[in-house]
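Read through the structure below, which is laid out as structure tokens, and then see the notes.
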Amino acid sequence: MRFRSLLVAAAVLLIWSISAFAQVPQFEVASIRPSGPIGQINTGINAGVHIDGAQVRFTLFNLISYIGYAYDVPPYQVHGLDWMGSAWFDISAKMPDGADTKQVRAMLGSLLEERFGLKAHRESREFPVYALEVARTGLKMNELAPDPALDLARQGGENISMKIQGNGGTYDLGNGAYFAVGEQGFEGKKLTMRTLCKVIRPFLDRDVVDMTNLKGTYDFQLPVTSEDRIAMMIRSAVNAGMGATLPPQMLRLLDSASGDSFAEALQKLGLVLVPRKAPLEVVVVDSLQKTPTEN
């Protein structure tokens, strides 16, 4: 049960992409209900965003992830109230006629303002980051043939989900592209370097910036030790704002794992993470209610 909770944390961190936050119509109707207890989630559940025509469904998001999705920043760049990471909700909503799927984020922002009393502002702050670069020994991955079905600029931008199964999960980005977490580590298919940075970021202690200058797509495997994998899953829960809900003995595992196996796996692909500093946009929550107004 505990590992499944860590997988849910990883799922909500992975589900965000590129979109403009502009003034748009509001959802016609929206239902907000608390998610079921995470520890009782059955295997095979899809946590994520599903858009089917005018219907939009968010499953297993905490308030940090909702705010991050609405403002188009990763959840770990949402700062504010300690309890936001432990407040989980499912939302079903209907878009108005003529609305574009690219407007879903802004409509969600309006819904959070209306139903949760959200007030927030953006700031730019300097943070430690990792630059993903090609190693001095050169790239050891083969670029895949171009696939016209892949929209590389918006890879995983609309219907995105993570299917949780046993001790692993698969993050589906559409058209055969995916990122998987399993007992042996991590695996990716048809991913750009930009997307690779996004999917590994939840498991690390700082943001990841693509500085490879590689424009194609790649398949890869990143095998890691059991100790490093468990520590990286715990890190994803902390990054999702769930640190306060984890027992102290679990948090201590972060100190005992070296992370060397992950660095070695990247090196075998001809990639390295180089510590740097960079300005990042953050969303600071000024006020927020724990429960929404009635449906």
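For first residues located in region 196-211 and under 13 Å from PRO75 (Cα atoms), partners that are modelled with pLDDT of 90 or more and of a type in the set (Ser, Thr, Tyr) and lie 6+ apart or on another chain with Cβ distances below 6 Å form the pairs ARG206/TYR130.
For region 195-217, a tally of residues being surrounded by fewer than 20 Cβ atoms within 10 Å (Cβ to Cβ), of a type outside the set (A, V, I, L, M, F, W, C) and in contact with a Ser or Thr (Cβ under 9 Å, 6 or more places away or on another chain) returns 3. Scanning region 47-79 for residues that are under 15 Å from the mean Cα position of the chain (by Cα) and either open to solvent by less than 10 Å² (accessible area, probe 1.4 Å) or under 23 Å from LYS290 (Cβ atoms) (or both) yields a count of 23. Of the residues PRO248, PRO275, PRO223, the single one that is more than 20 Å from GLY68 (Cα to Cα), open to solvent by 30 Å² or more (accessible area, probe 1.4 Å) and in contact with a helix residue (DSSP H, G or I) (Cβ under 8 Å, 6 or more places away or on another chain) is PRO223.
Taking the listed residues LEU273, LEU254, LEU266, the one that is at pLDDT 95 or above, in a helix (DSSP H, G or I) and either of a type in the set (A, V, I, L, M) or in contact with a Lys or Arg (Cβ under 8 Å, 6 or more places away or on another chain) (or both) is LEU266, with no other qualifying.
With respect to ARG136, determine if the residue is over 24 Å from GLU281 (Cα atoms), open to solvent by 60 Å² or more (accessible area, probe 1.4 Å) and within 18 Å of the chain's Cα centre (by Cα). So ARG136 does not fit the description; no. Out of the residues in region 252-272 meeting the condition of being without any contact (Cβ under 8 Å) to a residue 24 or more places away in the chain and over 30 Å from ARG122 (Cβ atoms), tell me which one is least open to solvent (accessible area, probe 1.4 Å). In this case the residue turns out to be ALA263.
The values are calculated or read from the model by the stated rules, or taken from the named source; none is laboratory data. Since this is a predicted model, take the numbers as computed values, not measurements. Here the Cβ is made from the backbone with ideal geometry for all residues, glycine too, and neighbour counts use every protein chain on show. Each accessible area value is taken on the protein alone, full model and side chains, heavy atoms only, with ligands, DNA and RNA left out. Shrake-Rupley method; radii C 1.70, N 1.55, O 1.52, S 1.80 Å.
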